[in-house]
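**Student:** I have a structure I would like to understand better, so I am pasting it below and will then ask my questions one at a time.
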Amino acid sequence: MLCTVIGCVMISSGFLLERLKVSINFILEKSINEPNYVNWSDAERSVFIHSKKRDLPYDYFHSHLDFDFLFLLSPSQLKQAKWVVTIFGLVFFAFLNALALMVFYPVNEGLKWILFLYSIILFLSCFFYFVGYLPGLADGSYQVTRKILNAGQSGIPAVLVYFVKKFTR
């Protein structure tokens, strides 16, 4: 029962975090080339951003709903918000993954595995992020970093540990 609750929290939180990140990215992409965006009111920003959306029902980047409070932030604040959301997501999901593993394993064992996996996730993310500073690798490096960090913002670590331990006994 507890695993079901944790799983539901993970799924709903994951969708909420993804929606927030998509909203931030959409606003950043559309506002970056508008020099007066920083001087506009939040209502003017909202109208501008909504005018940039296309009627593409199967394209989540254009069809998502916005978080109104994001229109209060400047592009530089939105870039910072992306980092805050990512760090919060990693910490929150590390907690949920550890909690899920504590249902099946002793507390110390579950925490040890989660700390190990999140250390790998952070190391690989940092490695690929800094590789992106090499000439010509920035775009691909960012995509790899994002995928690795997204794995940490899901239930994948707990599921991975569960199945590894189940099949290596």
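The values are calculated or read from the model by the stated rules, or taken from the named source; none is laboratory data. Model, not experiment: these values are computed from the prediction. All Cβ positions, even for glycine, are placed from backbone atoms using ideal geometry, and neighbour counts span all protein chains on display.
**Student:** Give Leu160, Leu90 a once-over and let me know the one that is hydrophobic (A, V, I, L, M, F, W, C), touching a Gly at 6+ places or on another chain (Cβ under 9 Å) and either buried (at least 16 other Cβ atoms within 10 Å of the Cβ) or farther than 15 Å from Ile6 by Cβ (or both).
**Tutor:** Leu90
**Student:** Let me ask another. Consider only pairs whose beta carbons are under 8 Å apart and that are at least six residues apart or on different chains; among these, list those whose first residue lies in the range 22-46 and is closer than 12 Å to Pro75 by Cβ and whose second residue is of a type in the set (S, T, N, Q).
**Tutor:** Once the first residue is closer than 12 Å to Pro75 by Cβ and sits in the range 22-46, its partners that are of a type in the set (S, T, N, Q) give Tyr37/Ser31; Tyr37/Ser74; Val38/Ser74; Arg45/Ser31.
**Student:** If you don't mind, another one. Might you check whether a residue that is in a helix (DSSP H, G or I) and either of a type outside the set (Lys, Arg) or in contact (Cβ under 8 Å) with a residue 60 or more places away in the chain (or both) occurs anywhere in the range 54-61?
**Tutor:** Yes, the range 54-61 has at least one match.
**Student:** Just checking, which of Leu70, Leu56, Leu65 is at pLDDT 90 or above and within 25 Å of Arg146 (Cβ to Cβ)?
**Tutor:** Testing whether each residue is at pLDDT 90 or above and within 25 Å of Arg146 (Cβ to Cβ) leaves just Leu70.
**Student:** Taking Ser119 and the conditions (1) among the polar types (S, T, N, Q); (2) without any contact (Cβ under 8 Å) to a residue 40 or more places away in the chain; (3) surrounded by 14 or more Cβ atoms within 10 Å (Cβ to Cβ), which numbered condition does it fall short on, given that it satisfies the others?
**Tutor:** The failed condition is (3).
**Student:** Step by step: first the residues of the range 93-116, then only those that are of a type in the set (A, V, I, L, M, F, W, C) and loosely packed, with under 13 Cβ neighbours inside 10 Å, then the one that is farthest from the chain's Cα centre (by Cα). Which residue is that?
**Tutor:** This residue is Val107.
**Student:** Under 7 Å between Cβ atoms, at least 6 apart or on separate chains: pull out the pairs that start in the range 65-76 with a residue that is surrounded by 10 or more Cβ atoms within 10 Å (Cβ to Cβ) and end on any residue that is in a loop (DSSP other than H, G, I, E, B) and among the aliphatic types (A, V, I, L, M).
**Tutor:** Pro75/Ile32
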